[in-house]
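The values are calculated or read from the model by the stated rules, or taken from the named source; none is laboratory data. Bear in mind the structure is a predicted one, so any value in this text is a computation, not a measurement. Cβ placement follows ideal geometry from the backbone for every residue including glycine, while neighbour counts extend to all protein chains displayed.
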Amino acid sequence: MPISREKSHAHYQRACLTIPGGVNSPARAFGGVGGEPLIISRGNGPYLWDVDGNRLIDYIGSWGPHILGHRHPAVIAAITDALQRGTSFGAPTELETEMAELVIEAVPSIEMVRMVNSGTEATMSAIRLARGFTGRNLIIKFAGCYHGHVDSLLVKAGSAATTLGTPSSPGVPPGCTADTLCLEYNNINELAEAFKKRGDEIACVILEPVVGNMGCVLPVPGFLEATRELCTKHGSVLIFDEVMTGFRVAFGGAQALYGIKPDLTTLGKIIGGGMPVGAYGGRADIMRKISPLGPVYQAGTLSGNPVAMASGIATLKTLKSTNPYPALEIKTKRLVAGLASAAQAAGVPYTTAQVGSMFTLFFNPDPVTNYTIASRSNTQRFAQYFWGMIDQGVYLPCSQYEANFVSATHSEADIDATIAAARNVLQA
Ligand code: KE4
């Protein structure tokens, strides 16, 4: 029985009068599944409620921040307490130092860290810093990895290791992407070839160590090691974009899981506990190039905002004290196995990918290791699955090319209900 979406529809029409596409971020616009987004009124634990009163089991978690679920008591209490002292001062506070110390303690490759307000700010700043530190211009990214809407990273995938990028969005001048090489994720030979040809020009390599933005895609054995070895050999900066994987796949992020030490790391999402926060950090000799210590400029009115810091500190402290990661791995593996079994039973071609509490069910018969394979997924079949799950009370990311997230508050009953819903939907 389809859920009622009357109030969502009415409000969405109103939103479209004043906000482009009715949304403040295109990822929320349901472009990948058709139809209109649900208007959400509140969240609690693993659930969201929309303005029609439908309760949905939430596997987006605000696109990653809510590993502790919505409205965790410790997080709400910390935000409420911070608010009693004001919202923003434009001056240093103790909370920013406490956050920096927590991040540095959790992520050994980070010796110094700067807070910003989004993942995009973090990656944009990290790239500028890598270029300032090395005096070089070339950057390498990988097709299917998303690092925010940074001009130099909005680039079409290049056809080879030496094909410089062309903008993938109007408004980005060709000059902004002229120094960007966009390679194939997990293609060690192509990366080695790029370094062989232009290694002494490469300022940095930036990648998601576990990709969330083409769906969940794991690094093949040797790939992360190759990025580390090649950057070290050629004096390039290795940037792990852990905006999504930081504190998600492990308390120390993907770098802790895979034992690779990047030179810089970008963070976001979970470190804000749902409030706007990003961060970049890493080797002290590199970070000391950032203003006011060094010449590479970066600034932000609300960077290190005390209310956002309180939210993030409470989140990290709760993760540290409760260590939900083993249970999250078990719960997520059970969920993914159940979804796979449902797809198998329905005779639907599929593959799955899962690391910790992030996963993707691909409507694709082949294991997805790069963007070319990912883009062969059956997005029409995904759209049917997505809307069927909505009508069963399950809220999935509205694109085949996104990761799903399980929180510490998803119960065994929620997992069972999600698997049962998938069986109903896929066999329909
Ligand atoms: P923000 O600027 O959206 O805070 O972070 C950009 C970013 C950077 N790096 C990675 C690995 C990311 O996943 C993101 C943002 N993720 C998307 C979801 N896949 C955010 C959703 C949205 O754009 O609304």
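If you go through region 26-44 and keep only what is within 20 Å of residue 70 (Cα to Cα) and exposed (fewer than 14 other Cβ atoms within 10 Å of the Cβ), you end up with just 42. When residue 274 is tested against the conditions (1) within 16 Å of the ligand (Cβ to nearest atom); (2) closer than 30 Å to residue 416 by Cα; (3) in contact with a Leu (Cβ under 7 Å, 6 or more places away or on another chain), the lone failure is (3).
Within the option set 294, 273, 304, being under 16 Å from residue 253 (Cα atoms) and either at pLDDT 95 or above or surrounded by fewer than 18 Cβ atoms within 10 Å (Cβ to Cβ) (or both) holds for one residue only, 273.
A residue that is within 22 Å of the chain's Cα centre (by Cα), over 21 Å from residue 141 (Cα atoms), within 16 Å of the ligand (Cβ to nearest atom) and of a type in the set (Val, Ile, Thr) occurs nowhere in region 290-313. When residue 141 is tested against (1) outside any strand (DSSP E or B); (2) touching a Ser or Thr at 6+ places or on another chain (Cβ under 8 Å), just one condition goes unmet, and that condition is (1).
Considering only residues of region 401-428 that are more than 22 Å from residue 328 (Cα to Cα) and among the polar types (S, T, N, Q), which is surrounded by the most Cβ atoms within 10 Å (Cβ to Cβ)? If we take residues in region 401-428 being more than 22 Å from residue 328 (Cα to Cα) and among the polar types (S, T, N, Q), then 424 is surrounded by the most Cβ atoms within 10 Å (Cβ to Cβ).
Residue 285 meets all of the listed conditions (1) in a strand (DSSP E or B); (2) closer than 26 Å to residue 105 by Cα but one, namely (1).
Among the numbered conditions (1) part of a helix (DSSP H, G or I); (2) among the hydroxyl-bearing types (Ser, Thr, Tyr); (3) in contact with a helix residue (DSSP H, G or I) (Cβ under 9 Å, 6 or more places away or on another chain), the only one that residue 266 does not meet is (1).
Checking the condition within 22 Å of residue 184 (Cβ to Cβ), surrounded by 16 or more Cβ atoms within 10 Å (Cβ to Cβ) and without any contact (Cβ under 8 Å) to a residue 40 or more places away in the chain, which residue from 369, 379, 352, 360 passes?
Details: 369 fails: without any contact (Cβ under 8 Å) to a residue 40 or more places away in the chain; 379 fails: without any contact (Cβ under 8 Å) to a residue 40 or more places away in the chain; 360 fails: without any contact (Cβ under 8 Å) to a residue 40 or more places away in the chain.
Going through 369, 379, 352, 360 in turn, the sole match is 352.
Number of residues in region 58-75 that are touching a His at 6+ places or on another chain (Cβ under 9 Å), in a loop (DSSP other than H, G, I, E, B) and within 16 Å of the ligand (Cβ to nearest atom): the value is 3. The set of residues in region 124-149 being surrounded by 24 or more Cβ atoms within 10 Å (Cβ to Cβ), aliphatic (A, V, I, L, M) and either within 15 Å of the ligand (Cβ to nearest atom) or free of Cβ contacts under 8 Å to residues at least 24 places away in the same chain (or both) consists of 126, 127, 139. Looking across region 47-100, the residues that are surrounded by fewer than 22 Cβ atoms within 10 Å (Cβ to Cβ), within 17 Å of residue 311 (Cα to Cα), touching a residue at least 12 places away in the same chain (Cβ under 8 Å) and among the β-branched types (Val, Ile, Thr) come down to 79, 87, 93.
Please work out which residue is nearest to residue 72 (Cα to Cα), limiting yourself to region 1-52 and to residues that are charged (D, E, K, R) and in a loop (DSSP other than H, G, I, E, B). Give the derivation first.
Of all residues in region 1-52, those charged (D, E, K, R) come to 5-7, 14, 28, 36, 42, 50, 52.
Retained after the next criterion (residues that are in a loop (DSSP other than H, G, I, E, B)): 5, 36, 52.
Numbers: 5: 28, 36: 29, 52: 24 Å.
Checking each candidate, the answer is 52.
Does any residue of region 237-248 turn out to be away from the ligand (no atom under 16 Å from the Cβ), of a type outside the set (Asp, Glu) and surrounded by 20 or more Cβ atoms within 10 Å (Cβ to Cβ)? Within region 237-248 (the criterion being away from the ligand (no atom under 16 Å from the Cβ), of a type outside the set (Asp, Glu) and surrounded by 20 or more Cβ atoms within 10 Å (Cβ to Cβ)), the answer is yes, since at least one residue qualifies.
Return the residue satisfying two criteria in turn: it lies in region 184-234 and is among the small types (Gly, Ala, Ser) and out of contact with any Phe, Trp or Tyr (no Cβ under 7 Å at 6 or more places or on another chain), and of such residues it is nearest to the ligand (Cβ to nearest atom). Going through the qualifying residues, I end up with 212. The residues listed here are 285, 263; of these, the one that is under 20 Å from the mean Cα position of the chain (by Cα) and of a type outside the set (A, V, I, L, M, F, W, C) is 263.
Tally the residues that are more than 15 Å from the ligand (Cβ to nearest atom) and under 23 Å from residue 120 (Cα atoms), restricting the search to region 249-259. The qualifying residues number 4.
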